[in-house]
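Participant: Quick one: this structure, given as structure tokens, is what I'll be asking you about.
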Amino acid sequence: MCNGSKMDIKSILFAGVGGDGIITASNVAAMACMLAGFDVKKSEIHGMSQRGGSVSAFVRFGEKVYSPTDALGQVNYLFATEKIEALRANKYLNTASIGIINDRIVPIINQEIDTEYIDKKLESVKIRKIVKNFAEDALKLGNPKVINTIMMGVLSCYMPLEKEYFTEAINKIIPKRILTLNLDAFYEGILIGENTRNKNYSREVN
Amino acid sequence: MDDRTTKAIISGNEAVAIGAYKGNAHFASGYPGTPSSEILDYFKQFKDVIAQWASNEKSGLEAALGASIAGTRSFATMKHVGLNVAADPLMTSAYTGVNAGLVVVTADDPGMHSSQNEQDNRYYAKFAKLPMLEPSNEYEAMAFMQYAFVLSEKFDLPSIMRLTTRISHSLGIVKYDTRRLDNEKIFKMKKDFQKYVMIPSNAIKKHKSLLKKIEELEIYSNESPINRIIKGRSSVGIITSGVSYNYAKELLPDAHFFKVGLTYPMPVEKIKNFVESVDRAVVIEELEPFMEEELKIAGVKVEGKKYFPTDGELNLDIVKNGLEKCGFLKKDKSKVIFEDFELPKRPPALCPGCPHRPVFDILHSLKPYVTGDIGCYTLGAIAPLSAMHTTVCMGASISMGIGASKVQDDEKIVSIIGDSTFFHTGIQPLVDAYMNNAKLTIIILDNRITAMTGGQPNPSSGFNLNNKKFEPVKIASLARTIGIKRVFEVDQYNYEETKRIIEREINIDELSVIVALRPCVLSPKKIKDEPLVVTDKCIGCKRCLRIACPAIDFVNNKAVIDADLCTGCNVCKSVCPVEGAIINV
Ligand SMILES: Cc1ncc(C[n+]2csc(CCOP(=O)(O)OP(=O)(O)O)c2C)c(N)n1
């Protein structure tokens, strides 16, 4: 019998709805991990996402990564652009996971969504989570399209790599004409992230 | 692209294209299908290559075979079910063999992320007696593709490269350059009656020579470094291939691995020795027990599907579970798994403005029996549209409609098919319907693009994979040329007129063809007009919800239209029973 010694791999699960920019966001994170010297695997799950379905992507990084997808209960970071999709990811999380979640519900055709139920469930998820209406922060920067980059800034505060790898990745992936805007958004996210991290930290100390 | 070595995060599909280029491929042809579609998009970006879409996989593979015989390394791409369509040339190309290297790339879809079945195409390798390569990651996808051409020429056979969704659509770091191999051999095009003309007298000899080649390949498989042993420190052995290797290696890093890269013919002797060197050996493979059976036939003591499922995609959890069952891993009882919440599903839906929607709404009201096909429009089968009653394989709509309309009179039969699907395998059934006087109403949803798989052009698009323009094939003219009298073109955004024609044709006891001409709202370019608005005249009857438009929501007993999503197609306004409840502003 062998001992399945788990190699030191960390992972981010991106979850959202078709059109949310999950693929680009996960590309940026994967690139940042590569630039930081990690081995990286990324896997996208988007059966028919163009038609409004759920989209998710795993980014796994570490010294050596084999599997492109992660196991239940093993995801370290959740990056969710929508609350129902965040809840769908629940089974992949554990008590040490950190969730950056956009406070938003995308309606589903011909279904009434019990928003109270969604919020109650999200409340019950036992992870460290930052649930915030990032659209408001994006609007402050004058562009609703930079929500993901702000969230990436928040995420970067919790990840074991220098923030400059993220900015380098953004530089490489985001088109020139919206680059400055996105870098601003990333820094805005860092401000939010540093804030929440300190708060969460103090709460844990108490 | 340039010659320098780059380190980048690339997908399996991109890696296949790079590998093909480095391996000196000059010609590629395929038909789109998830998860294979992006390979040709990547390949066409290289200089001095010819990449093109075919109307179906058979045509694509035959074009690649022709190019190979003409002396050019070539490959064909398709999804797993595409190889069913291309099975005819595949089987006999094993007899003719190739000239310059020929590779058939098939991308299977375990788990059916976007497919109608999850057949395991490894059986095609055994069926046709062709070598099959299975990469486990992006680097191997690139390297094996190069190797596949070498193997093809060495044994004078097409090679099959088998990918799966998780290989095609996963990304990893690869260091590569885009230099072609040097010392390219020159293959002259030769008229070789015995080799390329498969009449019985030649084919009989070619079958014998194929059997000999496969014997040689078996020896080769046992010697090739593509089938390799990764030594571990424990006493157990794992035999695996493709993506499964990654799950097993991560869970049992200390086990001995036999990693099969050339899945057919299997390196049986080498595995036999491997199995003898370990206490116990287990085969981990996705879908069918292909390797397990090959080994058991040869008397090699292995276990496999006893512990692992034969359906669906494998993953870390499923492989872990199997390894626990067979005793290779201790049961991990400490781990608490968070709840899998009961949540509303987010099914895919036709896009706002999709021109398929009004047709299904009309069919929903008229209630004929609809034999359907595969494409975005298959979503017309889902509630609340619920207006498609069969979906089997591409091209089956018209032909199944012929059979159904011939043997009964109770149901009016409508066959519905998309443009790309029509060109794929719908034309011949249309000819059959005409020849056999089928009393059928055929609706062709000609949105001028292959939308389902990401917007690849087709004969109706008027431009090809390389953006070269051509005069599009007019489906109505084609139908008339066949001899069909009742051929009509409609614009679905003109809801009333479309409904009038469909209703009339369903009720006429004759063959008719209705070509619905509105283009796709997503590709080649996004179409968005001014959004519509719901006024306070809305009576909350929910009629507009029945068209299943993502832009329409229902709040406080009234419909609301999301201005960002609405494309202004007016279909909701057309179906609304209250004048002035939905308006243009
Ligand atoms: C034999 C086979 N090849 C490819 C596919 C993948 N596939 C499914 S639908 C489709 C094309 C649909 O295009 P079209 O008929 O134009 O309909 P649209 O999606 O544009 O509505 C393709 C390529 C398949 N299912 N089967």
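Participant: Being more than 13 Å from the ligand (Cβ to nearest atom) and over 13 Å from B:I444 (Cα atoms) is the filter here; which residues of region B:361-380 pass it?
Facilitator: Selection gives B:D361, B:I362, B:L363, B:H364, B:S365, B:L366, B:K367, B:P368, B:Y369.
Participant: Same structure again: If you scan region B:546-582, which residues turn out to be outside any loop (DSSP other than H, G, I, E, B), of a type in the set (A, V, I, L, M) and in contact with a strand residue (DSSP E or B) (Cβ under 6 Å, 6 or more places away or on another chain)?
Facilitator: Correct list: B:I552, B:A559, B:V560, B:I561, B:I582.
Participant: A further question follows. Being part of a strand (DSSP E or B) and of a type outside the set (G, A, S) is the filter here, so list the residues in region B:188-239 that pass it.
Facilitator: Within region B:188-239, B:R228, B:I229, B:I230, B:V236, B:I238, B:I239 meet the criteria.
Participant: Quick one: in region B:528-545, of everything that is more than 12 Å from every other protein chain (Cβ to nearest Cβ) and either in contact with a Phe, Trp or Tyr (Cβ under 9 Å, 6 or more places away or on another chain) or in a helix (DSSP H, G or I) (or both), which residue is farthest from B:P347 (Cα to Cα)?
Facilitator: B:G540
Participant: Might you let me know whether region B:122-136 holds any residue that is within 14 Å of chain A (Cβ to nearest Cβ), crowded, with 20+ Cβ neighbours inside 10 Å, within 16 Å of the ligand (Cβ to nearest atom) and assigned to a loop (DSSP other than H, G, I, E, B)?
Facilitator: no
Participant: Filter region B:224-240 down to the residues that are surrounded by 12 or more Cβ atoms within 10 Å (Cβ to Cβ) and out of contact with any Leu (no Cβ under 7 Å at 6 or more places or on another chain) and list them by number.
Facilitator: Passing the criteria: B:R228, B:I229, B:I230, B:G232, B:S234, B:S235, B:V236, B:G237, B:I239, B:T240.
Participant: Kindly indicate whether any position in region B:152-164 is surrounded by 24 or more Cβ atoms within 10 Å (Cβ to Cβ), of a type in the set (K, R) and on the phi < 0 side of the Ramachandran plot.
Facilitator: There is at least one residue in region B:152-164 that is surrounded by 24 or more Cβ atoms within 10 Å (Cβ to Cβ), of a type in the set (K, R) and on the phi < 0 side of the Ramachandran plot.
Participant: Further question on the same structure: Among the residues of region B:13-43 satisfying the criterion of being assigned to a helix (DSSP H, G or I) and of a type in the set (S, T, Y), which is surrounded by the fewest Cβ atoms within 10 Å (Cβ to Cβ)?
Facilitator: This residue is B:Y42.
Participant: Okay, next question. If B:I10 meets every condition in (1) more than 16 Å from the ligand (Cβ to nearest atom); (2) away from chain A (no Cβ under 14 Å) apart from one, which number is that one?
Facilitator: Failing condition for B:I10: (2).
Participant: Can you spot a residue in region B:450-473 that is surrounded by 15 or more Cβ atoms within 10 Å (Cβ to Cβ), within 14 Å of the ligand (Cβ to nearest atom) and in a strand (DSSP E or B)?
Facilitator: Checked against the condition, which is being surrounded by 15 or more Cβ atoms within 10 Å (Cβ to Cβ), within 14 Å of the ligand (Cβ to nearest atom) and in a strand (DSSP E or B), region B:450-473 yields at least one hit.
Participant: Same structure, new question: Going through region A:76-88 one residue at a time, which ones are of a type outside the set (S, T, Y), surrounded by fewer than 24 Cβ atoms within 10 Å (Cβ to Cβ) and more than 7 Å from chain B (Cβ to nearest Cβ)?
Facilitator: Within region A:76-88, A:N76, A:E82, A:K83 meet the criteria.
Participant: From the list B:E276, B:E285, B:E293, B:E269, which residue is crowded, with 18+ Cβ neighbours inside 10 Å and either under 22 Å from B:S224 (Cβ atoms) or in the same structural domain as B:G242 (by TED's automatic domain parsing) (or both)?
Facilitator: So the residue among B:E276, B:E285, B:E293, B:E269 that is crowded, with 18+ Cβ neighbours inside 10 Å and either under 22 Å from B:S224 (Cβ atoms) or in the same structural domain as B:G242 (by TED's automatic domain parsing) (or both) is B:E285.
Participant: Also: Go over the candidates B:V487, B:V414, B:V431 one by one and state the one that is surrounded by fewer than 23 Cβ atoms within 10 Å (Cβ to Cβ) and assigned to a strand (DSSP E or B).
Facilitator: B:V487
The values are calculated or read from the model by the stated rules, or taken from the named source; none is laboratory data. Owing to the predicted nature of the structure, the values given are computational and were not obtained by experimental measurement. Reconstructed Cβ throughout: ideal geometry from the backbone, glycine too, with neighbour counts over all protein chains shown.
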